[in-house]
Amino acid sequence: MSSCPACNASFADGSDTCPVCGWWLDDASPACDAHPETPATGCCVVCGRPLCERCEVTEDGVRFCEVPDHREVRRERELLLESESEFEADWVVENLAQNGIMGVMFSAHEFPSTRWTPMRRPARVFVQKADLAAAREALVRFDIESTKVPGDAA
Ligand SMILES: [Zn+2]
Ligand SMILES: [Zn+2]
Ligand SMILES: [Zn+2]
């Protein structure tokens, strides 16, 4: 179990950032995507963009980048999994689609400042809240090892 020093949320080990508020958990955080001279303190909980305090947009203590759609994603969707591999996350999205579930994938490695930052699970997949239970059931059937569901340990 890990817990977030910023928001006190508990979640399964293996996340690079707090899945709840976006705080960067490792001491070795990448630079802010917009300010290469400033270390990131957190990231957008949706796309994973590294943010310094000047760049973060917070809503109820949750960190977002400035893209309004990402706040929308968070309102309408739940984090299904974090994955060490974008390919695997894409594979999950494709296979969820075959089960009638629309997932969306984001990866923190899209951003130049994290591209070479060692991250355990840079890719994340979100599904509509109403689909979360079905998507978790499907994941068990997919039987993939390098993903985890952050809520499971709670
Ligand atoms: Zn947190
Ligand atoms: Zn974002
Ligand atoms: Zn910044």
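No value in this document is a laboratory result; all are computed from the given coordinates. Treat the numbers as computed from the prediction; the structure is a model and nothing was measured. Ideal geometry is used to build each Cβ from the backbone, glycine not excepted, and the neighbour counts take in all protein chains shown.
Among 65, 55, the ranking by other beta carbons within 10 Å of each residue's beta carbon, starting with the fewest, stands as 55, 65.
Neighbour counts of C-beta atoms inside 10 Å place 24, 91 in the sequence 91, 24, starting with the fewest. Taking the charge dipole of the stretch 2-153 about its Cα centre, with +1 at Lys and Arg Cβ atoms and -1 at Asp and Glu Cβ atoms, the residue from 4, 15, 51 reaching farthest to the positive side is 4. Counting neighbouring beta carbons within 10 Å and listing from fewest to most, the residues 63, 77, 124 come out as 77, 124, 63. Rounded to the nearest 10 degrees, the inclination of helix 86-98 to the longest alpha-carbon principal axis of the chain is 40 degrees. Largest mean-square fluctuation among 114, 58, 17, in a Gaussian network model of the chain whose springs join Cα atoms under 10 Å apart, belongs to 58. Divided by 2.2 N^0.38 Å, where N counts the residues, the Cα radius of gyration of the stretch 2-153 comes to 0.98.
For residue 81, the residues whose amide H sits under 5 Å from its own are 125, ignoring neighbours fewer than 5 places away on the same chain, with H placed 1.01 Å from N. For the chain, the longest principal axis of the alpha carbon atoms and the long axis of helix 132-142 meet at an angle near 70°.
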